[in-house]
Amino acid sequence: MPKSNPLLASLPTAANRLGLALPAVLAGVWVAVFWGEWVWHAAERMLMQGGVDGIKNYYTLAWYLDHNEAWAHFEGMNHPDGDLTVYTDGHPLLAWGLRMLGVGGGASVGILNALLLLSLVPATCLTWDVFKRLGVQALPAALFALAVGVLMPQWERLGGHFSLAHMWAVPAMVWLLLRLVESRAKAGWSAAYALLSLALYFTHPYLGLMASGWAVGAAAVAWFVARGDAPVRERTRTWGGVAAGAGVLPVAVFQLVVFLLDTHADRPTDPAGFWKNHSSLSAWFVPHHGPLARQFSDFVAALDVRWEVRAYVGVAATVLAAVWLGTLAARRFRNVAGASNFVPVAGGAALLALFALGWVFQAAPILVEFLSPLKNFRVLGRFAWPGVYVLNVALLAWAWRATRDRQRGRWALTVLVGLGLVESADWHRTLTAQRDVTTNEFAADRAEQWRPVLDLAAGRHTLALLPTGGGKSVCFQLPALARGGLCLVVTPLVALMEDQCQTLRKMGLRAEAWVGSDGDRILDNVRFGPAQFLYLSPERLDHPMFLARLEHWKVTTVVVDEAHCISQWGHDFRPAFQKIGSLKSAFPKAVWGAFTATATAEVLDDIATQLPLNFEVHRASMRRANLRYEVALWGDRDSVLLHDAA
């Protein structure tokens, strides 16, 4: 019998002594390696990857903390009606907590970033304890927990949909459900799970419904598998109580709160997306990131799996699933869960995965009409997340148990998990590279931008004097998005038009700049796109192509950039700017914004005279801390230049 290595033999004992510190350290190292710079600059940056969802998430949270008066009703969008806070992706529960602590909107950006990026730590710790309860030793349990945590599809939500990107949510559901199944004190653990579900509903309704559905499904599976251990009445009383308390009660409370607080009578009853965003087996088992995805890029592209429903289980789970199916084919069934208490948890996740596939609704569409509220959850594919997580946990726990007396099997399993970590490392490098380094626009030193933003968003005509580089474009782009419709931006600078359009398009917005001779195509894109922004010069305002299309556009915002050009006292006076006033009669309900960086008090007064719209006027300081003047006395000019060059 070969001698064991004393160092290797001592590792399990050392790992047990470390306890939760072991998975926490592993998760912390991973975050530091791949996301460390973002954590370090959490207060200064916004986690953005194009699109508008990211900025919307930050905006709703920051605006609520700085300006909202009501607690449950958000006043910063859909003016003048507002909306329920739970429908804004604004982290209602977090917002309420930060508001009670007196935290401002600018600081909330850094707090949210840190909470999201560091959520891998509690997720890994919870998963580690789940593995321990399934019979896996402390050290491999920590490695497995990290491998599962860094693979979760929620990581892709860090470009937007931040309220869905809390990595701890699914592991917390699993941990509490497992404790509930294990314990005889069902009522206590059901109450704990119900509180978690309510917290998730007020983080994002998707997470709450996920938790409720999982509890009901797990209770149903537990009732079924216990059929030989207890009479029907006893099983029904026990697991029916769990389904009601942990699953049905939270969703009922949430719906009651919404019913009592929601004042909107015209909610859409048939939102788009329900029939398009089902999950699929290819969304689970075909790699969409990492080296394998690049190797088989043509095959992956041909499958055309929508980004919203991707839930890749990883190379380790794919291989282990094939091995497990092989054991079934050979009639050597082994408990996938690794412990009988895990069967209800896994079964509930499997039912959610079937729900995510949408096969039942495709086979019987009439069911959707009877369950019409489900249409509001237009991305069914997200309900596969618990299944992906549980599949990884169950297969790894099964493989650990199956290789108990097989050293080579244990080494093969370790290598397989290592390959999974390599695959995830490649993915996380890609994710960090895709984040746009966007300054925290809600920081306290950006207050000079907030006031024009809020006035425009509230429908008040706004005239703002901001320094060059002071973020004038954000001051009209944000409220224009909030107001909807088309925003006309009149500016004399072609380079500015093209630059801002390119930036907006990178964010997933529809923007057009009327430059060059292709006016017909551009203006048709504005009408039929429909575009959200149209940039044009003042000389285009009396062009026949422009005038012929005015009646077809829903213009809600008109912006005059470089507004000092309106004034005859301005240094860049352009007569064409005086035609802008004609737009008032064309779009009488539009709100106007005029922005400039170079205007004296006389010029500002003249702008207000040329555009008599009762402007709210904002003047920011022109002082720039990063610029300075220096006066030097020159003696021998040539010697000074040579000295500086050296």
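Structure notes:
- Leading residue by the ranking (surrounded by the most Cβ atoms within 10 Å (Cβ to Cβ)) among those in the range 342-382 that are among the aromatic types (Phe, Trp, Tyr) and over 20 Å from Leu126 (Cβ atoms): Phe355
- Test: residue in the range 213-234 that is within 29 Å of Leu421 (Cβ to Cβ) and open to solvent by less than 70 Å² (accessible area, probe 1.4 Å): yes
- Pairs are defined by a Cβ separation below 9 Å, a sequence spacing of at least 6 or placement on different chains, a first member in the range 476-503 that is at positive phi, and a second member that is surrounded by fewer than 16 Cβ atoms within 10 Å (Cβ to Cβ); the pairs so defined are Gly484/Asn78; Gly484/Lys554; Gly485/Pro530; Gly485/Lys554.
- Yes/no for Thr203 being modelled with pLDDT of 90 or more and in a loop (DSSP other than H, G, I, E, B): yes
- Leading residue by the ranking (modelled with the lowest pLDDT) among those in the range 1-40 that are under 23 Å from Val150 (Cβ atoms) and small (Gly, Ala, Ser): Ala15
- Test: residue in the range 174-189 that is open to solvent by 10 Å² or more (accessible area, probe 1.4 Å), under 30 Å from Tyr59 (Cβ atoms) and either part of a helix (DSSP H, G or I) or out of contact with any strand residue (DSSP E or B) (no Cβ under 8 Å at 6 or more places or on another chain) (or both): no
- Inter-residue pairs, beta-carbon under 9 Å, first within 14 Å of Trp275 (Cβ to Cβ) and at pLDDT 85 or above and in the range 371-386, second among the acidic types (Asp, Glu) and in a loop (DSSP other than H, G, I, E, B), 6+ apart: none
- Evaluating Trp553 against the criteria (1) surrounded by 14 or more Cβ atoms within 10 Å (Cβ to Cβ); (2) more than 25 Å from Pro479 (Cβ to Cβ); (3) modelled with pLDDT of 80 or more leaves one unmet condition, (2).
- Conditions (1) open to solvent by less than 70 Å² (accessible area, probe 1.4 Å); (2) in contact with a Lys or Arg (Cβ under 8 Å, 6 or more places away or on another chain): number failed by Ala272: (1)
- So Gly208, is it within 25 Å of Ala95 (Cα to Cα), touching a residue at least 40 places away in the same chain (Cβ under 8 Å) and under 27 Å from the mean Cα position of the chain (by Cα): yes
- Of all residues in the range 470-521, those satisfying the criterion of being part of a strand (DSSP E or B) and within 22 Å of Lys579 (Cβ to Cβ) are Leu486, Cys487, Leu488, Val489, Val490, Glu512, Ala513.
- Meets criteria (open to solvent by 60 Å² or more (accessible area, probe 1.4 Å), touching a Pro at 6+ places or on another chain (Cβ under 9 Å) and outside any helix (DSSP H, G or I)) for Arg404: no
- Residues (surrounded by fewer than 18 Cβ atoms within 10 Å (Cβ to Cβ), free of Cβ contacts under 8 Å to residues at least 12 places away in the same chain and hydrophobic (A, V, I, L, M, F, W, C)) located in the range 282-312: Phe296, Ala301, Ala302
Yes or no, residue by residue, for (1) touching a Ser or Thr at 6+ places or on another chain (Cβ under 6 Å); (2) closer than 24 Å to Ala480 by Cβ; (3) hydroxyl-bearing (Ser, Thr, Tyr):
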position	(1), (2), (3)
Leu26	no, no, no
Val29	no, no, no
Gly36	no, no, no
His41	no, no, no
Trp71	no, no, no
Leu84	no, yes, no
Tyr87	no, yes, yes
Met100	no, no, no
Ile111	no, no, no
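- Among (1) open to solvent by 30 Å² or more (accessible area, probe 1.4 Å); (2) at pLDDT below 95; (3) part of a helix (DSSP H, G or I), the one test that Leu195 misses: (2)
- Within the set Val453, Val526, the sole residue that is β-branched (Val, Ile, Thr), within 27 Å of Thr609 (Cβ to Cβ) and part of a helix (DSSP H, G or I) turns out to be Val453.
- Which numbered condition Trp569 fails, given (1) open to solvent by 80 Å² or more (accessible area, probe 1.4 Å); (2) modelled with pLDDT under 85; (3) in contact with a strand residue (DSSP E or B) (Cβ under 7 Å, 6 or more places away or on another chain): (3)
- Condition met for Gly240 (in contact with a helix residue (DSSP H, G or I) (Cβ under 9 Å, 6 or more places away or on another chain), open to solvent by 30 Å² or more (accessible area, probe 1.4 Å), part of a helix (DSSP H, G or I) and among the small types (Gly, Ala, Ser)): yes
- Residue list for the range 236-290, restricted to those being among the charged types (D, E, K, R) and within 27 Å of the chain's Cα centre (by Cα): Asp262, Asp266, Arg267, Asp270, Lys276
- Against the list (1) loosely packed, with under 14 Cβ neighbours inside 10 Å; (2) within 34 Å of the chain's Cα centre (by Cα), the condition Asp518 fails is (2).
The values are calculated or read from the model by the stated rules, or taken from the named source; none is laboratory data. Keep in mind that what you see is a predicted model, and the values were worked out from it rather than measured. Using ideal geometry, Cβ is built from the backbone for each residue, glycine included, and neighbour counts are taken over all protein chains shown. Heads up: the accessible areas ignore ligands, DNA and RNA and are worked out on the full protein's heavy atoms, side chains in. Shrake-Rupley method; radii C 1.70, N 1.55, O 1.52, S 1.80 Å.
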